[in-house]
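This is the structure, below, for whatever I ask next.
The values are calculated or read from the model by the stated rules, or taken from the named source; none is laboratory data. Fair warning: this is a prediction, and the values are worked out from it, not measured in the lab. In this analysis, Cβ positions are derived from the backbone assuming ideal geometry, glycine residues included, and neighbour counts consider all displayed protein chains. All accessible areas refer to the heavy atoms of the entire protein, side chains included, with ligands and DNA or RNA removed. Shrake-Rupley method; radii C 1.70, N 1.55, O 1.52, S 1.80 Å.
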Amino acid sequence: MSNSKLIPYLEAIFAVAVWGASFIATKVVLRDISPVTIVWMRFAMGILILGIAVAARKQFALLDRKEWLYFALLGFLGITFHQWLQSNALQTSEASTTAWIVATTPVFMAILGWVVLKEKLGWVKIVGILLAFVGVLVVVYDGDLSAISLSSFGKPGDILILISAINWTVFSVLSRKGLKQHPAAFMMFYIMLIGWIFISILFFATQELSEINQLTFNGWIGMAFLGIFCSGLAYIAWYDALQALSTAETGVFLYIEPLVTVVVAFFVLREAITIASLLGGGVIILGVWLVNR
């Protein structure tokens, strides 16, 4: 490993480790407050940190008038809807199951590319897609594939997480245009800001600020971790790594994320590490690797 790549590698590892632990932190905070309040508080902190970073790098500028609608769509999909799905899902879905399902996002990107962009799917990618979905079924049904039925798919939260993976795929594809014109941190700042405004409307329509008083000590620790690290520092570190490394080099680190979730969930939430979870997770990673080849 060259010295020039050491810091980007460390930044990428930091980002995926933080994001892997975010599912556990969310479940901890859910013991105290509602999902919409978590998302509202989390991204209020994230906006502040990203804003400081963008200003420090002298990248701050106003969006062109023609771009506001585009950024509003990205903000709704990437922040408001996406985080609402995941926070609500974690009320019933286990953190480790959530992480494994989220890991299938590149598979949905390949499918969307085939359907919408007419990108070719070779047999290796097709095998990878099928393996990834088999892995998801193994994880969701805890290895009991005889329990699979058309009328049920795991827990209610598992369905929301699957929808969030598809939603993030759409968001990622739509983001490509903007990333060709703007620095990544600058773009993420505006996406997060607009998404937070949408969340604010929902928050003040359904909740009260007094709910924040329900946060316990552990809840505040989890909330600070989500806001400062997951929505702020991790994004900065990840985009710094993307600028220094190739997409393929950076993407490999995403395989670490669900593994971090499984380990942290075991120690913090006492979620069991089952053979089915590890086996299904391994099949998912193999499938995603084949798709990304």
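By the gyration tensor of its Cα atoms, with a ≥ b ≥ c the square roots of the eigenvalues, what is the shape of the stretch 1-48: rounded for a/c under 1.5, prolate for a/b over b/c, or oblate?
Because a/c hits 1.5 or more and a/b fails to exceed b/c, the stretch 1-48 counts as oblate.
Applying the Karplus parametrisation 6.51 cos²θ - 1.76 cosθ + 1.60 with θ = phi - 60° to the phi angles of the stretch 124-130, what ³J(HN,Hα) value in whole Hz is obtained for each residue in order, glycine and proline being reported as x?
Once θ is set to phi - 60°, the couplings for the stretch 124-130 become 5, 5, 5, 4, x, 4, 5 Hz.
Moving to a separate point now. Output the peptides 197-203, 36-42, 265-271, 277-283 sorted from most to least packed, where packing is the average of other Cβ atoms within 10 Å over each peptide's residues.
36-42, 277-283, 197-203, 265-271
Using mean projected area of the Cα convex hull in nm² as the read-out, say which of (i) 16.6; (ii) 13.8; (iii) 17.8 was calculated from these coordinates.
(i)
If packing is taken as the average count of other Cβ atoms within 10 Å, what order do 83-90, 217-224, 63-70, 22-29 fall into, highest mean first?
So the peptides 83-90, 217-224, 63-70, 22-29, ranked by packing, come out 22-29, 83-90, 217-224, 63-70.
Using only Cα atoms, locate the centre of the stretch 159-229 and the centre of the stretch 117-133, then give the distance between them in Å, rounded to an integer.
30
Ok, one more. Compute the length gained on full extension between I275 and W220: take 0.36 nm times their separation in residues and subtract their Cα-Cα distance, giving the result in nm to one decimal.
16.5 nm
Still on this structure, please answer the following. With θ set to phi - 60° and the Karplus curve 6.51 cos²θ - 1.76 cosθ + 1.60, what are the ³J(HN,Hα) couplings of the stretch 41-49 in order, to the nearest whole Hz, using x for Gly and Pro?
Couplings: 5, 4, 7, 4, 5, x, 4, 4, 5 Hz.
Within the accessible area of the chain, what % is carbon and sulfur when the probe is 1.4 Å and the other protein chains stay in place?
Using a 1.4 Å probe with all protein chains present, the chain comes out at 70 percent carbon and sulfur.
Related question: Would you kindly derive the ³J(HN,Hα) couplings of the stretch 79-94 from the backbone phi angles with the Karplus curve 6.51 cos²θ - 1.76 cosθ + 1.60 (θ = phi - 60°), listing them in order in whole Hz, with x for Gly and Pro?
The phi angles translate into 10, 4, 5, 4, 6, 4, 4, 5, 5, 5, 5, 6, 6, 10, 8, 6 Hz.
In deg cm²/dmol and to the nearest 500, what is the mean residue ellipticity at 222 nm of the chain if only DSSP H runs of at least 4 residues count, each as -39500 (n - 2.57), divided by the residue total?
-23000 deg cm²/dmol
Past 20 Å, Cα to Cα: identify those pairs from K125/K180; K58/K177; K118/K177; K66/K180; K66/K177, in the order given.
K125/K180; K58/K177
Solvent-accessible area per residue for the stretch 183-293 at a 1.4 Å probe radius, Å²?
49
Moving to a separate point now. So with the 1.4 Å probe, I'd like the accessible area per residue for the stretch 1-83, rounded to whole Å².
Solvent-accessible surface per residue comes out at 48 Å².
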